[in-house]
Amino acid sequence: MNGLRTDGRGWRDRGSALLIVLWSALVIAGLAAVVAGTVRTDLTVVRHQVAEAQARYLAQAGVLHGVLLLLADGDPVLLNDTVVGFDEADIRLHFADECGKVDLNTGWGDLLRRLVDGHAGDTAVAAAILDWRDPDSASGPGGAEDAQYRAAGRTHGARNGPFESVAELQQVLGVDARLMRALRSDVTVDCLNAGVDPLAASDTVLAAIPGLGADARRTFLAARQSYVAAGLRGSAPQLAGGGRYVTGSHGLAVEIRADAPSPGGGAVSWRAVIWLTGDGGLPFLFRAWERGGF
């Protein structure tokens, strides 16, 4: 015989080999699909990261443009919100006078206490904030010093000194994420006044002024809205009943927030606080430079 198999075994061997080849091809095709899907996912992630980075840099550029506007105009109340265009994107700028906020270090204790109590619903938190900033180690009524922090399992105690930043509030006993979000826009460490400027204060801050009635607050807010709408022409409205808690601002400590459109349809925010120095060689100083949207 010539060696050819006639019992069908050769066909079976060739059939088995064909099945192996087909299964191998299917596995390879499956792997290729997985790799292609992973590559597409990676490319999508990279494109999103690039777009987010571009939005962040646009927001930062917006903040710097806001600084230039302040140096040219110097009146954040008048500027309020404005829109500037960069690279075919509209960047919204928001200006806030820091002296319309309660200073964590220099603000009147009862003003700070009322502001915090209104959000926390627990007087112990305001007492802990006041204990954090005061120079002694004696706990005030309901407050917190080192012993209370140790009892809560904290590795640190009270600073017994001034807050270095608003973010430091998160280290105070009783300040959780919810309270931090509620307080952050109404407190500062950059004004250095004991009171607040009512022309720049939020309704929440005005409501924290001891002895100020709701009717007086509403009357003032309506007058302030008309004053700003008129371009600050004429006499500025006066807050009746503010007493020692009203302190005028020189407009030298300003928060600038820039919102740039993000690829997801929202906005990427960047926030800075600057001091206007009046020095021609160094006209401003950055006190904060961080991502916004807190």
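Output the residue which, of all residues in the stretch 266-279 that are within 15 Å of residue 252 (Cβ to Cβ) and out of contact with any Phe, Trp or Tyr (no Cβ under 9 Å at 6 or more places or on another chain), is modelled with the lowest pLDDT. The selected residue is 278.
Name the single residue that is farthest from residue 173 (Cα to Cα) among those in the stretch 129-154 being among the charged types (D, E, K, R) and assigned to a helix (DSSP H, G or I).
The first filter runs over the stretch 129-154 and keeps only residues among the charged types (D, E, K, R), leaving 131, 133-134, 136, 145-146, 150, 154.
In the following step, the residues that additionally are assigned to a helix (DSSP H, G or I) were identified as 131, 133, 146, 150.
Values: 131: 10, 133: 13, 146: 10, 150: 10 Å.
Among those residues, the one meeting the criterion is 133.
Would it be correct to say that residue 109 is at pLDDT below 95 and among the small types (Gly, Ala, Ser)?
Values: at pLDDT below 95: no; among the small types (Gly, Ala, Ser): yes.
For residue 109, the condition - at pLDDT below 95 and among the small types (Gly, Ala, Ser) - is not met.
Among the residues making up the stretch 100-128, those that are in a helix (DSSP H, G or I), over 15 Å from residue 182 (Cα atoms) and either open to solvent by less than 10 Å² (accessible area, probe 1.4 Å) or basic (Lys, Arg) (or both) are 100, 111, 128.
For (1) more than 21 Å from residue 118 (Cβ to Cβ); (2) at pLDDT below 95; (3) not hydroxyl-bearing (Ser, Thr, Tyr), each residue gets a yes or a no:
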| position | (1), (2), (3) |
| --- | --- |
| 187 | no, no, yes |
| 264 | yes, yes, yes |
| 291 | yes, yes, yes |
| 294 | no, yes, yes |
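Taken over the stretch 82-99, the criterion of being in contact (Cβ under 8 Å) with a residue 60 or more places away in the chain, open to solvent by less than 40 Å² (accessible area, probe 1.4 Å) and farther than 20 Å from residue 206 by Cβ is satisfied by 89, 91, 93.
The values are calculated or read from the model by the stated rules, or taken from the named source; none is laboratory data. Remember, it's a predicted structure, so these values are computed and weren't measured experimentally. Counting neighbours? That spans all protein chains shown, and the Cβs are built from the backbone with ideal geometry, glycine included. All accessible areas refer to the heavy atoms of the entire protein, side chains included, with ligands and DNA or RNA removed. Shrake-Rupley method; radii C 1.70, N 1.55, O 1.52, S 1.80 Å.
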